[in-house]
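Trainee: Quick one: this structure, given as C-alpha cells, is what I'll be asking you about.
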Amino acid sequence: MENELEPPLSDDDREDAVASAPAAPGVVAALVVHAPSEALGECLDSLKAQVYPNLQTLVLVTGSAPEDLALVNGLVEARSMAVHVRHVGSNPGFGATANSVARLVQGDGGLFLFLHDDVALEPDAVRLMVEELYRSNAGLVGPKFVEWDDVRRLQMVGFDADRFGELDSAVEEHEIDQEQHDAVRDVFVLPSACLLVRADLFREMGGFEESIEFHGEDLDFCWRAHLMGARVVVAPAARVRHRGGLRDRRDDLSHVAMDARHRLSTVASLTGAARSLVVIPTLIVVTLVEAIVSLVTGHVRRASTEVRALVAVPRDIVSILRRRRRVALLRRIPDREIADLQVRGSVRWRRVVRGRRRSSGFAVGRGASDNSGSREPIAVVAWFVLWAALLVGSRDLIGGGVASIADMLPWSDSPRDLAHSYMSGWWDKDLGATTAQPTGNILLALGGALTLGHPALAQTMVIIGLVAAGWLGAWRLCAVASVPRARLIGTIAYAAVPLPYAAVAAGRLQALIAYAVLPWALHLMRLFGGLGLPRGAEESSRAVGDVVEHPDTATRVRVVSSLALLLSVTAAFAPSVMLIVLVCAILWILATLMAGGSSRAAGLGIASVSVSMVAAVVVNLPWMTRYLASDGWQAFIGSRTGSDLGVWQVLRFGIGPSALGGLIILLFVPALVAPFVSRGWRFVWAVRAAVLIAGSTLLAVLGQRDSFPVDLPEPGVLLAPAAVGVALGVSMVWVVFGADVRGARFGLRQPVALVSLACIPVGLVPVLAVAGDGRWQQPEATFSGQMTELLATDERGGFRVLIIGDERLVPGGSHELGVGLRYSVVESGRLGADDLWTPTPDDVDRYLEPLIEAVASGATDRVGRLMAPLGVRYVVIPVVDRVVSTSRDPLPVPDGLVDSFGAQLDFRRKFSPASMIVFENQQAIPSVSILTAAGSEAASSGGNEALAVVDMSGAKPVSSLARPWKSVSESVPSGTLHLGVPLDERWSAVLDGRAIDLGASFGSVMSATVDEPGVLELSHHRPFSRILWVLAQSMLWVILVLGWRQPKNLRRRRSSRTPAVVVDDSPIIAMETRP
Amino acid sequence: MSLRRVTPVVLVAMVTGTIVYADDGTRSDVAPIFSVSGSAGTPVIPGDDSSITTSWFCGGTSAAGDSGGGLYSGEIVLSNPTEVGVRGTVTALTTDGEPIESPVVVDPRGLTIIDVRSLVNSAYASTVVELDSSSVAVEQRAIHPAGTAVAPCANAASDTWHFADGFTFDGSDFRLILTNPYLSAAVVNVSVATEGGPRTPSNLQGYVIPARSIRVVNVAEAGFRDEKVLAVSVVAESGRFVAAKDQHYLGGGRLGHINALGSPATSSQWWFADGEKGSGISERYSIYNPTDEVAQASVLILGLGQVESMLPPASLSVPAHEVVTVDTATIQGLPAGAHAMLISSETGSDLVVERVITRPAADYVATTAVLGVMEGYTSQRWRVPTSTSIAIEDALIVLNTSGESGTFTVYSVGPGGEEPVPNLTEIDLGPNSVVSVDLVDPLALGRPLVLAGDRAMVVERRLERNTSLRGRSGSLAFPE
C-alpha cells in the first residue's frame, strides 16, 4: 500500500533547490501539537524536507502534560531541526493556539502556514502554495489533501459551502486521485489542517475565532477572509497527507454537537443583516427537518444534537453579537457577493440526493462506526415508510390508548403515589408488607412524571416506542453487513417479523421488551467484543474470520455501561429477557467457534453480558432477591401463556392475534441459506444468524412442550433471538449475493441465493396487512378494564379482589396455585402496571392460600368470613380476555372453580360481563374499619373455626386502605379498629395524640382498641435502611448513566479546569523576505 | 465443503430435527383442575379432620304447625359422637321472610334436637346447619299426621336433583321443596317423566328460587295429576340448591307420608338392603334415566342365600328421560321374604333408582320410599342418629355388599362413648347376605347407634311412623 509522497530530497538537492529559488517571503509554519502521535514525526520530517528557502517552524504544544513537551523536544532534537517550540500550557483549541503566532512572530511581510500535527507535506508543498498565493493574489491558499495511508485516494480539495455553512466537497469518499481536481480554483473554505495565509491579513482579521475550540474555525476564518475581499484558493499541485481522526484522538469532545453549534453561530455571526432575515429562519427550518430525518433514520443522538445546536444559538446571542460587531469593521465586500460565492440551495439536500456522507475536515475512522447508508435516499424513504406504517398501524392506540390486557396494564394515575410508595418501603401489593419493591415501580413513576402526569400517554409511547426501538436496534446491528442496502433490508425484515405486533395484541410485555432489547444487546456485545465493520477491500474479502478492531478502554467502558443500563431497565420489567440475552451470548460464542470467527471477540462479548447482568442485578437490588424465593424462578420467567403453540405457530411467531399468515416463514429461507452461499466474514455472521434462529426456535418449541428440565420464559421472549437471526440472515444474504454469488462461477449458489432473495419481499407482505387494523388487533374491551369499571366504583371502604383462574387468563403478576392455576390479589379491583410484580408470597402463603385450598377441598363453605379480615370483597374468575380466550372460542374454566366458590354461603354471584365470573363476599371487612361487637370478639379469639361462625358484616369503614405516605386522620367511634394488613410493627395508631397498641387480630392482621371516640391517626414508619438503600441505588443508577453518557463531559470539564500555564508571549521569530 | 462449513449445517439440521420430533401437534386446551367436585351423592358423615366448617342442608318440611289433620312440623337431629362439644349455627329458610339464624351447641356424646317451628312460623321451612366439626350427623324428621319421616340432610347443595319416584294418583300430594341457601338466586328447569313420556312444563322452566329462601312446587297442580309414574329432574341454569320431596300417599295402593332428599347425581350402582316379597307387600323399584342416552340396567337380587345363584341378573333397557318400574312380585323364582337389591347400569353413571315398598299395617298399608345407596358409598361403619325409642324388631337392615362373610357390631353412643349393645355384637354377615337387627335392649333405645363391621355394608332403618300409627318408615343410615 502506497503511503509516501514524493521521496524526500537529499540534502544536496534541497540546498540546490533553495539556492535556485527566487526571493522568498518568509513563511512561519505554525504546527499545533496536541498529544503527540507517531504522525508528528513524519510531519516534522516533511517540514525539514521542504525546498522552500525561507521557512521557519514554530511548534505550539498544547496541553499541560510535561511529557508531551519533552516528547516534542525529543523529536525535534532527533531531527536536528531549528525549530521553535513553545508550550501553550492549556488546550484552548486549535484557533486560539494558532492565534498566538500573531504575538510570537514579528513582521507582516510574510506568510503563516498553519498545520495540524497529523499532516505530512510533499517537499515542494510550501513552495507551490506560496507561488500560487502570489500568482493568484490570494489571501489564503490550501493544498490538496490525500489519505494518510493511501496517497492515491483523495481526501479534500477545499470546500464549497452553502449559506447555512454546510460544507460540500467535490471529492467522493475514497476517490482515487487521477488529477481530476488539480486545477487551481477558488473555494469557500480551506481546511485549517494546512492553510497558508498572509500574515498581514491574518493579523487584520484577528486570527481565528477563539470561541471556536474545534470544528468550524476554518469556515469562520475563510468566510471572514471573503468578507475582507481576500481570495481563498486551493492549489492542488501542493499535496499533503492527512491522517485526521480527531474524533478518535479527542473522544472527550462532542464533535457532532460542536460542529453543528459552531456552524450555526458562524452563520448567525457572518451573514449580513438583510440576508439574515431570510437565512436564519430558513436555517431553523432546515435544521428541524434535518433533525426529523435523523430521528426517523434512527439517529436519535444526531437529531438531538441538531436541535440542541439550534437551541444554543439564542444562548450564544451575546457572543454572536460581539462577533458581528467585529466583523462589521472588517467587511469590505457586500454580503450579496459573498452569497454569490456560496453554493445555491442546500448542500444537505444535494448530499442526500447524491447519497453521500457529510463532508468534514476529518476522515471518518473505521472503527465500529455504523453510519453508513443512513442518509441514502432509499434509506430515508424506507425509514419514512416504516415510521408511517408504525404510526398508521398504531393510530387507534395513539388515539385511544393501549388496552389493558395480560401484562400491559395501565400505568398508575399517580406517579407521585408510586414514588411515595417506593420510598416508603411499604408495598400494598397482595396483602401489603414492608418489603422490597420492584425497581420498575420507580421507573414507572419517572415515566409518568415525564409526561406531566399523563400515564396513559407514557404507556402508549413506551409500547409503540418499544417496537421502534427494536427496529433501531436491528438497524444498528445490521450495520455489520457493511452494505447500506443490506443493512436496510435486514432492518425491514426485522420490522416484518410479527412478534412485536402479536405481543402488543396479546399484551405480552416481556416479549415486546425482548424484541426491543435484543438487537441492542447484541449490537453492544459486538462493539465490546471489537467486531468491526468491514471496509474497503475487507468488504469482499473471502478469508474466513471476523473483522476485528478492538476499541479502546474508554469506549469499552461506555459500551458496557450502555449494556448494563439497558439490561438494568430490562431486568426491572422483564427479567426473563436478561436470561435470553445470556442465551444469545452463548449461542453467539457457539456460532463463532463453529464458523471460525474471533473467539476473543466472542469471549469479550459474553464477558460484557455477564458484567452487565451483574450490574443489572445490583442496581435492581433488593428487588432482585425476590427471585430467590421458592417461587422465584416462576416470577423470574414471568407468567406463562399456556402450552398451546405448535411448531408451525412458533415458526410464524404466532404468540397472539396479530401473528398474520404463514408467509413470514419465508424470511427464514435467506437466513438459513446464507451459511451455504457465503464466504469470508459473511459466513461467520451468517452462521451466527442461523444458530440464533435454530437455538431460539428450539427453545421455544421445547418450552411449549414442557420438554425442558426447567420452565422457560414465554415463547414470545424465546423467539426474539430468532427474529434477530432473521434480520441478520436477510442482511447477509443481500451482501453475499453481491460479494460471493454475483459474478462467481455458476453453480448451486446462484439459484439458491436467488430463491432466497425472492423470498424476502414475499415474507414482508403480511405485516402491511395487519397495519390496517390501527391497533394491531388489540381488543378494545378487556377483562381488566371491565373489572375496573365493575368493581373499582365500590365505595364501601378499602377492599381487595382475588383473581383466580387459568394461568393464561390471570393478568399481571400472580402466584401459582396448582398446575395451570394462578391467583393474584388486587387492591380495589384496579389493575395497574405495578401489578406486574408480586412480592414474595410469604403472607399470601400463610393467610390466603390455605383459604383458597379450603375452598378447593370443600373444607368450608364459609370462606367469605375467613377471608373477611383480609378485606377480600370480590373473587373474580376470568373467562374471556379476548386474546387467549374469546367469546367464540373460550378457554374452559378450571374444573370445580365456579362450583367451589358458588358453594360458599357468604358469596353472592354478582352480575358481571361475560368475560368474568364475580362473587361478592358479603362478609368482607373494609381494610380500615371499626368492627362490630361480634367481629371484635372474633378478632381476639382467633382461629378459623371461631371466625367461621361469626357474622362479620356491618363493620364501619374508617377510610380507604391506609397509605404509608399519607397519615390517615379521621374521627372514629369507640370500638375495635381493624387494619386489614398483616402484622407489621412499623404501623402505629394514635388516638387524640395518645398512642394505642396495634396488635395481632384474627391471627393474621392488626387491630387496636379504641376505648373512646376521637381522632385517629394511622401512620407507617419508614425503615432507615430503606432511605439508605434508595440513596445507594440512585447513586448506582447515576453511575451507570454517567458511564453511558457523562465521562466525555467529565473529561471535558476536567480539561477545561486545567489552569493555563502562563507562557511568554514575547516574539521569538522575525519574518523577513530572503533575497 | 470444509468441516467448518459442515458443522453449523449439521447443528442446524439436528436442531430442526429435534424441533420436528418435539412437535406432537397437540393443543393443551384442557382446563386445569381447581377441585375435584366432591361427588354429590348419598349423604355421608365426612369425618374430615382438615375441614374448617361443615354444613348440612336439610330438605325442608312443612312447618305449618297444628292443622286440621294434625301436626305439621319438623325437627333437626344433631348427633355428636365425639367427646368434644360442637358449636354451630342453624339457619331456617322459608318461602318468605328473612332467614332466621340461631346458634346451636351439641354436647359431647350428645344429641340435640331442634324444633323447626321454634325458629320460624311458616308453611314450609328448610334448615341449614353449620358446625365447626365434621363428625356430627344431621338429619331431619318431618312430622306429619300420616307419619313421621326421617331423612339424612345433604352434605352439599347441587345444581341437579333427581327424583325417581313420584305419585299423584288418587289425589296423592307430591310437592318439591326447593331450597336455595345461597346469596344468589338460583334459576332452575324442571322436567318430568311420566308414563306418557318426558315433559318439560313451561311454567317450571326458568323457575327462580330467590336467594336464601325456599320454593314449594305442587307437582300435581303443575299439570301432573293422577300420575302413577312420575320422575322429576330439577336442573339449575344458575346457582345451586337443595331439593326434597314431600309425598303424601292417599290412594292407588299407597298410604302414608315420606319426606326425603332427591338424588343430587346419577350413579352406576344403587344398593338397597331392605327388600321384601310377601303377601300384601308391594315392592317396586323406579329406575329413572335422566340422561339423553338409553341406559342398560341390570337387576341383581341379593341376600337370598343359596337361592341367589339361581336368579341371574335381569337386564332391561331404560329409555332416555323415562322411568322403568321393576315390581319384585313379577320376578319369577324370587322367594318370599327379605332380600336386597343391586341395580347397576351397564352404560355408565346414568341411573337414579328409588324403592317404594308398601307393607300391610294393621288394617291399612304403609308406604315408604327410599333412595338406594350410590356407588362408592358403601361402608364398614354406619351411623344411626335417630333410632327407635321403643323396642321393635327388624329396626335395622344390614346388607353385606361384599362377596365375603364378615361380622358387625351395634354400638350405642352414650355419655361413656360407644358401647356394644348386648346380643348385637359380632353378628355374622354372610356374603351378599341381609341381616335384620332387632332393637330391644334398653341400651339401644333412644340413643344414636353405630354399626361397625369388617365388610362393606349398607344399612337401612325401619323406624316407627309415630306413636299412633302402625307400620314403618324407611330411611338410610349414614355411612362414615
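The values are calculated or read from the model by the stated rules, or taken from the named source; none is laboratory data. Since this is a predicted model, take the numbers as computed values, not measurements. Neighbour counts are summed over all protein chains in view; Cβ atoms, including those assigned to glycine, are modelled from backbone coordinates with ideal geometry.
This table checks each residue for (1) more than 30 Å from A:I492 (Cβ to Cβ); (2) out of contact with any Asp or Glu (no Cβ under 8 Å at 6 or more places or on another chain); (3) modelled with pLDDT under 80.
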{"residue": "A:V240", "(1), (2), (3)": "yes, no, no"}
{"residue": "A:S265", "(1), (2), (3)": "yes, no, no"}
{"residue": "A:V307", "(1), (2), (3)": "no, yes, no"}
{"residue": "A:S319", "(1), (2), (3)": "yes, yes, no"}
{"residue": "A:D335", "(1), (2), (3)": "yes, yes, no"}
{"residue": "A:I338", "(1), (2), (3)": "yes, yes, no"}
{"residue": "A:L341", "(1), (2), (3)": "yes, no, no"}
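Trainee: Same structure again: Considering only region A:890-1001, give the strands (runs of 3 or more DSSP E) lying wholly within it that have at least 2 residues that are under 29 Å from A:G805 (Cβ atoms), within 14 Å of chain B (Cβ to nearest Cβ) and under 49 Å from the mean Cα position of the chain (by Cα). Walk me through how you get there before you give the answer.
Mentor: Values: elements: A:907-910, A:916-921, A:928-930, A:956-959, A:968-972, A:975-979, A:987-991, A:994-996, A:999-1001.
Filter on region A:890-1001 gives A:916-921.
Trainee: Give just the number: which of (1) within 14 Å of another protein chain (Cβ to nearest Cβ); (2) touching an Asp or Glu at 6+ places or on another chain (Cβ under 8 Å); (3) at pLDDT below 95 does B:V187 not satisfy?
Mentor: All conditions pass for B:V187, except number (3).
Trainee: Now, a different point. Checking A:T840 against (1) within 14 Å of chain B (Cβ to nearest Cβ); (2) in contact (Cβ under 8 Å) with a residue 12 or more places away in the chain, which test does it fail?
Mentor: (1)
Trainee: Of the residues that sit in region A:792-833 and are charged (D, E, K, R) and at pLDDT below 85, which one is nearest to A:P713 (Cα to Cα)? Please lay out each step first, then the result.
Mentor: Taking region A:792-833 first, the residues charged (D, E, K, R) are A:794-796, A:800, A:806-808, A:816, A:822, A:827, A:830.
Next, only the ones that are at pLDDT below 85 stay: A:794-796.
Details: A:D794: 36, A:E795: 39, A:R796: 40 Å.
Per the criteria, the residue is A:D794.
Trainee: So the check is Cβ under 6 Å with 6+ separation or different chains; which pairs have a first residue in region B:10-33 that's among the acidic types (D, E) and a second one that's at pLDDT 70 or above?
Mentor: Within 6 Å, the pairs are B:D23/A:G646; B:D23/A:V647.
Trainee: Sticking with this one: Taking region B:112-156 on its own, how many of its residues are in contact with a helix residue (DSSP H, G or I) (Cβ under 9 Å, 6 or more places away or on another chain) and within 14 Å of chain A (Cβ to nearest Cβ)?
Mentor: 5
Trainee: Could you list, in sequence order, all residues of region B:227-240 that are touching a Lys or Arg at 6+ places or on another chain (Cβ under 9 Å) and surrounded by 24 or more Cβ atoms within 10 Å (Cβ to Cβ)? Steps first, please.
Mentor: Here is the first cut: in region B:227-240, the ones touching a Lys or Arg at 6+ places or on another chain (Cβ under 9 Å) are B:232, B:238-239.
Passing the criteria: only B:V232.
Trainee: Quick check: anything in region B:234-241 in a strand (DSSP E or B), within 14 Å of another protein chain (Cβ to nearest Cβ) and of a type outside the set (A, V, I, L, M, F, W, C)?
Mentor: Yes, region B:234-241 has at least one match.
Trainee: Taking region A:547-602 on its own, how many of its residues are outside any helix (DSSP H, G or I) and of a type outside the set (G, A, S)? Even if it seems obvious, please write down each step before you answer.
Mentor: Here is the first cut: in region A:547-602, the residues outside any helix (DSSP H, G or I) are A:547-552, A:574, A:596-598.
Next, only the ones that are of a type outside the set (G, A, S) stay: A:547-552.
Matching residues across region A:547-602 total 6.
Trainee: Anything in region B:392-413 that is surrounded by fewer than 16 Cβ atoms within 10 Å (Cβ to Cβ) and over 21 Å from B:V373 (Cβ atoms)? List them, or say none.
Mentor: Within region B:392-413, B:E393 is the sole residue that qualifies.
Trainee: Can you name the condition, by its number, that B:A369 falls short on among (1) closer than 30 Å to B:V136 by Cβ; (2) of a type in the set (A, V, I, L, M); (3) assigned to a loop (DSSP other than H, G, I, E, B)?
Mentor: (3)
Trainee: Let me ask something additional. Does B:V421 satisfy being out of contact with any Ser or Thr (no Cβ under 6 Å at 6 or more places or on another chain) and surrounded by 15 or more Cβ atoms within 10 Å (Cβ to Cβ)?
Mentor: Details: out of contact with any Ser or Thr (no Cβ under 6 Å at 6 or more places or on another chain): no; surrounded by 15 or more Cβ atoms within 10 Å (Cβ to Cβ): yes.
Spelling it out, it is not the case that B:V421 is out of contact with any Ser or Thr (no Cβ under 6 Å at 6 or more places or on another chain) and surrounded by 15 or more Cβ atoms within 10 Å (Cβ to Cβ).
Trainee: Right, next: Checking B:V84 against (1) closer than 23 Å to A:N944 by Cα; (2) under 25 Å from the mean Cα position of the chain (by Cα); (3) within 13 Å of another protein chain (Cβ to nearest Cβ), which single condition isn't satisfied?
Mentor: For B:V84, the exception is condition (2).
Trainee: Tell me which helices (runs of 4 or more DSSP H) are completely within region A:71-173 and hold 3 or more residues being at pLDDT 90 or above and surrounded by 21 or more Cβ atoms within 10 Å (Cβ to Cβ), or say none if there are none. So that I can check it myself, show each step before the final result.
Mentor: Details: elements: A:94-99, A:101-104, A:125-136.
It comes to A:125-136.
Trainee: Return yes or no: is A:L604 modelled with pLDDT of 85 or more and in the same structural domain as A:V733 (by TED's automatic domain parsing)? Give the steps one after another, and end with the answer.
Mentor: Values: modelled with pLDDT of 85 or more: yes; in the same structural domain as A:V733 (by TED's automatic domain parsing): yes.
Yes: the conditions hold for A:L604.
Trainee: Right, another one. Just to check your reading of the model, which residue among A:V810, A:V826, A:V819 is buried (at least 24 other Cβ atoms within 10 Å of the Cβ) and within 14 Å of another protein chain (Cβ to nearest Cβ)? Step through it out loud before you land on a result.
Mentor: Working: A:V826 fails: within 14 Å of another protein chain (Cβ to nearest Cβ); A:V819 fails: buried (at least 24 other Cβ atoms within 10 Å of the Cβ).
The conditions single out A:V810.
Trainee: While we're looking at this one, here's another question. What are the residues in region A:190-219 that are within 35 Å of the chain's Cα centre (by Cα) and outside any loop (DSSP other than H, G, I, E, B), if any?
Mentor: If the condition is that a residue be within 35 Å of the chain's Cα centre (by Cα) and outside any loop (DSSP other than H, G, I, E, B), then A:E217, A:D218, A:L219 are the ones that fit.
Trainee: Testing B:F167 on (1) surrounded by 20 or more Cβ atoms within 10 Å (Cβ to Cβ); (2) part of a strand (DSSP E or B), one condition comes back false. Which one is that?
Mentor: Going through the list (1) surrounded by 20 or more Cβ atoms within 10 Å (Cβ to Cβ); (2) part of a strand (DSSP E or B), B:F167 breaks only (2).
Trainee: Working only within region B:43-58, note down all residues that are within 8 Å of chain A (Cβ to nearest Cβ), in contact (Cβ under 8 Å) with a residue 40 or more places away in the chain and part of a loop (DSSP other than H, G, I, E, B).
Mentor: If the condition is that a residue be within 8 Å of chain A (Cβ to nearest Cβ), in contact (Cβ under 8 Å) with a residue 40 or more places away in the chain and part of a loop (DSSP other than H, G, I, E, B), then B:D48, B:S51, B:I52, B:T53 are the ones that fit.
Trainee: Something else: Looking only at region A:40-69, count every residue that is on the phi < 0 side of the Ramachandran plot and at pLDDT below 85 and tell me the total.
Mentor: So the count comes out to 7.
Trainee: Cβ-Cβ distance below 7 Å, separation of 6 or more or different chains: which pairs start in region A:592-605 with a residue that is within 11 Å of another protein chain (Cβ to nearest Cβ) and end on one that is assigned to a helix (DSSP H, G or I) and polar (S, T, N, Q)?
Mentor: A:T592/A:S599; A:L593/A:S599; A:M594/B:T7
Trainee: Could you check region B:200-212 and list, in sequence order, the residues that are more than 14 Å from every other protein chain (Cβ to nearest Cβ) and either free of Cβ contacts under 8 Å to residues at least 12 places away in the same chain or within 18 Å of B:L261 (Cα to Cα) (or both)? Reasoning before the result, please.
Mentor: Pass one, region B:200-212, residues more than 14 Å from every other protein chain (Cβ to nearest Cβ): B:200-207.
Selection gives B:T200, B:S202.
Trainee: Among residues belonging to region A:669-716 that are buried (at least 24 other Cβ atoms within 10 Å of the Cβ) and aromatic (F, W, Y), point out the one that is farthest from the chain's Cα centre (by Cα).
Mentor: A:F683
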